[in-house]
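The values are calculated or read from the model by the stated rules, or taken from the named source; none is laboratory data. Just so it is clear, the model here is predicted, and its values are computed rather than measured. Cβ sites come from the backbone with ideal geometry, for glycine too, and all protein chains shown count toward neighbours.
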Amino acid sequence: MSPEAAARRPGQAPTLSPAEVQLVFRAVLEALARPGTPRQLPERPLAELPSALLPVLALSDLATPTCVLENGDRWARTVRTMTSAPMTGPADARLVAVLRQLADGEPVAFRTGSAAAPQDAALVCVRVPEIEAEPAGPGPVWRLEGPGVPGSRLLRVAGLPDGFVSWRDRLGSGFPTGIDLLFVTARGRLAGLPRTTRVGEEVI
Amino acid sequence: MAARLSEPRTGSTRVLSLLDDGRTDAPPGILDEGAKREIRRATLTAVCVPGYQVPFGSREMPVARGWGSGGLQVTLGVVGSGDVLKVIDQGDDGGVNATNLRRMISSTMGCAATTDTREATVVQTRHRVPEEALGAEQIVVYQVPVPEPLRGVEKSVAECARMHAEQDYSAMWVSLYEDLVRNGVITKSTGYPVLVGGRYVMATSPVPRWDVPRLHMSEHLNLYGAGREKRIYAIPPHTAVEPLTFDDVPFEVEHIPDGTCAYCGSDDTFLVEASGGQYVCSDSDWCGRAADGDVDRAAHRERVPLAWLPDPRRRVAATARDTAEAPRPAAGVRPTAAADGPEWALRVDGIGKVHGPGGAAAVPGTGPEHATAISPATGAVVAAWDVSFDVAPGEALGLIGESGSGKSTVLRCVIGDETATAGSVRLSGVDGGRTDVLALDPSARRGLRVDTMAVVYQDPAAGLDLNVTAGGNIAERLTAAGWRGYHAIRRRVAELLDRVEVPLSRMDDAVGTFSGGMRQRVQIAKALATEPPVLLLDEPTTGLDASVAAGVLDLLRGLLIERNVAAVVVSHDFAVIEALTERSVVMQLGRVIESGLTDQLFRDPHHPYTQRLVAAARR
Amino acid sequence: MGYSGVRGGMSAILAAEGLVRRARDHAATPWASTEQILLRFRLAVDRIMGEAGLYDEAIAADAFRQAEGDVLEAAHLVRAHRSTLPRLAVSEPVEPAEMVVLRRIVSAHRTPGGPQLLGRTTDYTGRLLERPDGPPPAADDAGAQVPPERTCEQRHPGRFSDLLRELDLLVEHRHGTAADPEPVDVAREPARPPAPRSAVLASMARAETGALVGLWYRSILGPDGAVHEVTLGELRHGRLPLRVIHPHTGNPVVVGVFRATEAEAIEDLDGADEDRTRFDIGYGMCFGHNERKAIAMANLDIAHRRFGDEGSLEQLLLLTTDGLDSGGFLEHLKLPHYVTFRSMMDRKLAGREARGTDDPNPRLPEPFGKEC
């Protein structure tokens, strides 16, 4: 059980009001429009739902193939109950929440869309321990460039498997195919990495 | 179709009430929450693929499609009760349409409304970007009547979708070229097409050209909603937005010489006509505050597109003389065969084409020895089978046979106009000849025709747009190959037309007004425009009068001699083959029956069929 | 705000709304109740339901009244209403064979399987204008004109196309379940060419009746088009049950009954690549009683199947037949366009300046991304 879920009162079904859904969407929209500039998800639902599940809960519906990568199937059932979304494997999902640690080099194939239908690509929300924009401390860091980024911007995302950036670069067959990523901390800090963003790996 | 359920709602209601928590904190909506999710997903994709028109299941709004139903849906998907909304039409907060939309949105969404651009978090607009600076916390939602920038040059929506997917925008460039040729300026007024993020051509809403530079590397997020056409697209902040124009033709914004606002005195805003021959700002918020001294005029002057004011000295008529030495793009430079590469430029192995069922199984029992192309087993037509040849740079190969012998089928398979049933096609310019180009996807194959393998069709209408000028037709190929200099294109076109002996005085006339021979010369010029290493000629003189055909033949002979091109000439006429080629392949009923040096075949044909062809040519 | 222009603002809107409400809702005549509209303007109500894509007679009737009889406007009201409704479930496929027919004619056969039921129609009534002051007196021999009671069998007649199929005179398109993909929901997925047949049929089912009829007639008298006159195989109006899967039991349950019109058009195949020894069938179905629409739809369906690849028909069907699309776009011309017009004037003057001549008849520019 995730630490977020531990705070839930037992026996009560989690909820997301239309107003909260809108706030989640706006945070996701801003995060993807401005890669490297983290946003904050609304606080209240974090008490009863894993933060990385919120974008999926806010966006899926009964026609959206959705996938939750977790240990067990508890949150997948929650998504199914709350949104009626058809649950699929990661390769078929339009929306994906990754609630467990991705293993090093874990090859997960996601939908990357096509030049004719870029909208078929997956939006993947990954739970991470920490996100730091323009970090000051030494360590590995991403240099982001592309739409939404004035010049370049530094972002540090902890807890991803080795080779994550090159794995992402290899997905699809070049723009406009690819996947759009969201990184979410337990406390609801959210950073977006749309397929347009070029990521350079550096150490500062 | 959906039928509304008249019975009491069953278990699904439980699902929804869980989702919505049974709360009633949202006022009664004009769009259900499920539809908003769909709009939001499309909006996110739009941000992640800037300039791409994302399809969405547009819902009916309480306003007619065309009245901002798309912008309204995007706004309803985006705004929450914490937002401050501004709605403008033509820049004006006070018009009936803006007023109506504002009351509709703010009353159903429970958000505040303002006319002050500085206070707004979301601005829904029709036809303008506010004059005021827009910041990182602001979203502009545009109402879009016609989202497709290619509609003017391509009426088929399926073809437009293909052009976007393949980034094939040469038709757009041709239209700009034609516009300049005919009018001396680009006459496109509003909704000016832009290239977003270097990838997608996008229609700008339509806002006036005055507002287009504001989209480039903007601080704010731009969202576009087209309700009737069911498309959402976006320009994220800090994204390159370039108005489409040639490198040497400046983009021009609207300008009224000495125009000032009769109300606030601004001389650097977008002005519209008012009564009595006067002008006023179209942005009513700006105008009102400017009159009250509540604007930063200096900062505004930095924002406005004064660099793009029309300048007759930079228009094409004035600059034609000055650019003689302007650099020419490198397009058309082809990879030369490496020392260890193949000797051939084009190699065709075992091409076969079967129309009908059976595939290769249909082949037995067909061909010259059976005197039929129709498969006794399946009834399929074996149009060509096991046809192989190669051509070296500087060489011309003839493919000769009667009508129905399969020679044109082979050519169409090589080009990609038809899908071969069997065989392979290699080009030394593609992967050193290691890749079978038949296995490439259609988009890559189309790309080959830009500068790797050009074709001249029997019917000029198949290779030319008869409504476009001779220059425009050739510009199509050049712009596809990346040429972006108007004068460079003009000079290259003139050079080519001169070479194919089309009078330069006809350069700016529509090809439809040309004679058959002249059209064929233009088609040849277009095929040669990017100096492709391989040239395919399908009955290039058939259908022309004898004297005209002789002239075109002379031209082709000269061109093939002077260029290091590998040519394949398809003809039923041995005289044409004899005039143009060194080696030939004779086809009958889909098979190769004889091949060799052309003059030997012509002098001493072995096969009776070849003898007939030769005799016909000598008559 | 200081200047006047093409402006109105809230007071103008409220005044306009007031005029409509006063004249419409408070006209000096008895109120037209929903029931009255349902019973006296049945065909208008049916047409609204079809073009709105929502089967709810009372809502369509209310929209008819609110729209002052403007059927397209009423369809708009109903569709906008539908946008506010949550999607609770997706119905099971409707089986047309279950239709309880109220009317059924087969013009291609004298005695098709089952009866020809003329039903409620004015087809054979002289179009003579009646101007009664009230309901005409009930005819004396009313008893004799009551149609005979129909048996269950007569209400479920066999299908003429099945007769043809038994004679092996129909091209077979049914190739097992593999070729039966989920139908496209055009209310959720924008359908654009190339689109599956289900999207084209669904678009036509929601299309404006006049647009479909016009598109069909264009092929008869217009300068282009590949559609031609077919033989009408089956025309039905009747009731069909609608089922959804019960969320608890997992079984389909009937949640309502709706009326629909169904048409099958028999096409004489004559193309080079076609099986000229057989017929093919075009299909049409729409909500309510709307025979013109169903027949036009069946005609256009078979035309699309035969010629859809070649030309513009699919784009015409998918993108130009929706009344709310075309009507809305036409009406948007009434909105202010003075910013865009100012920009157009700027280019006119620039072109004149660039040519350096006052030649009033310069060569015209090519059409280029013309927009509104």
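Exactly one of (1) modelled with pLDDT of 95 or more; (2) closer than 24 Å to residue A:171 by Cβ is unmet by residue A:49. Its number?
Just one mismatch for residue A:49, condition (2).
Let's see how each residue does on (1) in the same structural domain as residue B:396 (by TED's automatic domain parsing); (2) part of a helix (DSSP H, G or I); (3) not basic (Lys, Arg):
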site: B:471; (1), (2), (3): no, yes, yes
site: B:475; (1), (2), (3): no, yes, yes
site: B:478; (1), (2), (3): no, yes, yes
site: B:491; (1), (2), (3): no, yes, no
site: B:505; (1), (2), (3): no, yes, yes
site: B:519; (1), (2), (3): no, yes, no
site: B:537; (1), (2), (3): yes, no, yes
site: B:540; (1), (2), (3): yes, no, yes
site: B:552; (1), (2), (3): yes, yes, yes
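Only residues that are in contact with a helix residue (DSSP H, G or I) (Cβ under 6 Å, 6 or more places away or on another chain) and surrounded by 17 or more Cβ atoms within 10 Å (Cβ to Cβ): list them for the stretch C:156-194, please.
C:170, C:184, C:186, C:191, C:192, C:193
Since residue B:156 meets every condition but one in (1) polar (S, T, N, Q); (2) touching a residue at least 12 places away in the same chain (Cβ under 8 Å); (3) surrounded by fewer than 23 Cβ atoms within 10 Å (Cβ to Cβ), which condition does it not meet?
Every condition holds for residue B:156 apart from (2).
Looking only at residues in the stretch C:64-108 that are basic (Lys, Arg) and more than 30 Å from residue C:151 (Cβ to Cβ), which one is nearest to the other protein chains (Cβ to nearest Cβ)?
C:79
Would you mention how many residues in the stretch B:70-107 are in contact (Cβ under 8 Å) with a residue 24 or more places away in the chain, assigned to a helix (DSSP H, G or I) and touching a strand residue (DSSP E or B) at 6+ places or on another chain (Cβ under 8 Å)?
Here the count works out to 11.
Given the residues B:444, B:470, B:475, which is the only one that is farther than 30 Å from residue B:367 by Cβ, in contact with a helix residue (DSSP H, G or I) (Cβ under 9 Å, 6 or more places away or on another chain) and at pLDDT below 95?
Testing whether each residue is farther than 30 Å from residue B:367 by Cβ, in contact with a helix residue (DSSP H, G or I) (Cβ under 9 Å, 6 or more places away or on another chain) and at pLDDT below 95 leaves just B:444.
Out of the residues in the stretch A:11-37 that are surrounded by fewer than 22 Cβ atoms within 10 Å (Cβ to Cβ) and out of contact with any Asp or Glu (no Cβ under 8 Å at 6 or more places or on another chain), which is farthest from the other protein chains (Cβ to nearest Cβ)?
Taking the candidates together, the pick is A:11.
For residue A:86, are the conditions met, namely being surrounded by fewer than 20 Cβ atoms within 10 Å (Cβ to Cβ) and touching a Ser or Thr at 6+ places or on another chain (Cβ under 6 Å)?
no
Residues that are touching a residue at least 12 places away in the same chain (Cβ under 8 Å), within 21 Å of residue C:121 (Cβ to Cβ) and in contact with a strand residue (DSSP E or B) (Cβ under 6 Å, 6 or more places away or on another chain), at least 2 per element: which helices (runs of 4 or more DSSP H) completely within the stretch C:33-96 meet that?
Here the list reads C:42-52.
Among the residues of the stretch C:313-351, what is the count of those that are of a type in the set (Gly, Ala, Ser) and either in contact with a Phe, Trp or Tyr (Cβ under 9 Å, 6 or more places away or on another chain) or modelled with pLDDT under 85 (or both)?
Number satisfying all stated conditions: 2.
Residue by residue, here is whether (1) surrounded by 22 or more Cβ atoms within 10 Å (Cβ to Cβ); (2) over 16 Å from residue A:166 (Cα atoms) holds:
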| residue | (1), (2) |
| --- | --- |
| A:108 | no, no |
| A:120 | no, yes |
| A:144 | yes, no |
| A:153 | no, yes |
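Test residue B:458 against the criterion of being under 23 Å from residue B:561 (Cα atoms) and not in a helix (DSSP H, G or I), and give yes or no.
yes
Does residue B:562 meet the test of being on the phi > 0 side of the Ramachandran plot and out of contact with any strand residue (DSSP E or B) (no Cβ under 8 Å at 6 or more places or on another chain)?
Taking the combined requirement at face value, the residue does not satisfy it.
Which residue pairs have Cβ atoms closer than 6 Å, lie 6 or more positions apart in sequence or on different chains, and pair a first residue in the stretch A:185-200 that is more than 14 Å from chain B (Cβ to nearest Cβ) with a second residue that is of a type in the set (Lys, Arg) and not in a loop (DSSP other than H, G, I, E, B)?
Note: pairs meeting the criteria are A:200/A:143.
Restricting attention to the stretch C:291-307, which residues are in contact with a helix residue (DSSP H, G or I) (Cβ under 9 Å, 6 or more places away or on another chain), at pLDDT 95 or above, surrounded by fewer than 24 Cβ atoms within 10 Å (Cβ to Cβ) and not β-branched (Val, Ile, Thr)?
Matches in the stretch C:291-307: C:292 only.
Could you check the stretch B:170-196 and list, in sequence order, the residues that are under 16 Å from the mean Cα position of the chain (by Cα) and surrounded by fewer than 22 Cβ atoms within 10 Å (Cβ to Cβ)?
B:170, B:171, B:195
Taking only pairs six or more apart or across chains, which ones have beta-carbon atoms under 7 Å, a first residue in the stretch B:382-401 that is over 22 Å from residue B:612 (Cβ atoms), and a second residue that is among the charged types (D, E, K, R)?
Cβ pairs passing all conditions: B:386/B:591; B:388/B:349; B:390/B:347; B:392/B:343; B:395/B:582; B:396/B:582.
Inside the stretch C:271-317, can you point out the residues that are assigned to a helix (DSSP H, G or I), more than 15 Å from residue C:199 (Cβ to Cβ) and within 14 Å of another protein chain (Cβ to nearest Cβ)?
Within the stretch C:271-317, C:293, C:294 qualify.
With the condition kept exactly as written, say whether any residue in the stretch C:352-364 is modelled with pLDDT under 90, within 13 Å of residue B:183 (Cβ to Cβ) and of a type in the set (Ser, Thr, Tyr).
yes
So that you can scan it fast, the table gives a plain yes or no per residue for (1) closer than 24 Å to residue B:410 by Cα; (2) acidic (Asp, Glu); (3) buried (at least 22 other Cβ atoms within 10 Å of the Cβ); (4) out of contact with any Ser or Thr (no Cβ under 7 Å at 6 or more places or on another chain):
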| site | (1), (2), (3), (4) |
| --- | --- |
| B:447 | yes, no, no, yes |
| B:479 | no, no, yes, no |
| B:512 | no, no, no, yes |
| B:515 | no, no, no, yes |
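Tell me, yes or no, whether the stretch B:249-265 has at least one residue that is in a helix (DSSP H, G or I) and either of a type in the set (A, V, I, L, M, F, W, C) or surrounded by fewer than 19 Cβ atoms within 10 Å (Cβ to Cβ) (or both).
Scanning the stretch B:249-265, I find no residue that is in a helix (DSSP H, G or I) and either of a type in the set (A, V, I, L, M, F, W, C) or surrounded by fewer than 19 Cβ atoms within 10 Å (Cβ to Cβ) (or both), so the answer is no.
Give the residues of the stretch C:318-336 that are in a helix (DSSP H, G or I) and within 20 Å of residue C:47 (Cα to Cα), sorted by residue number.
Matches in the stretch C:318-336: C:318, C:319, C:320, C:323, C:324, C:325, C:326, C:327, C:328.
Among the residues of the stretch B:228-248 satisfying the criterion of being more than 13 Å from chain C (Cβ to nearest Cβ) and not in a loop (DSSP other than H, G, I, E, B), which is farthest from residue A:146 (Cα to Cα)?
For the stretch B:228-248, the residue satisfying everything is B:233.
With respect to residue C:227, determine if the residue is within 25 Å of residue B:57 (Cβ to Cβ), at pLDDT below 95, of a type in the set (A, V, I, L, M) and touching a helix residue (DSSP H, G or I) at 6+ places or on another chain (Cβ under 7 Å).
Answer is no for this residue.
For the stretch B:60-69, name all the residues that are touching a residue at least 24 places away in the same chain (Cβ under 8 Å) and buried (at least 24 other Cβ atoms within 10 Å of the Cβ).
B:61, B:65, B:66, B:67, B:68, B:69
Go through (1) within 35 Å of the chain's Cα centre (by Cα); (2) part of a loop (DSSP other than H, G, I, E, B) for residue B:307 and report which single condition fails.
(2)
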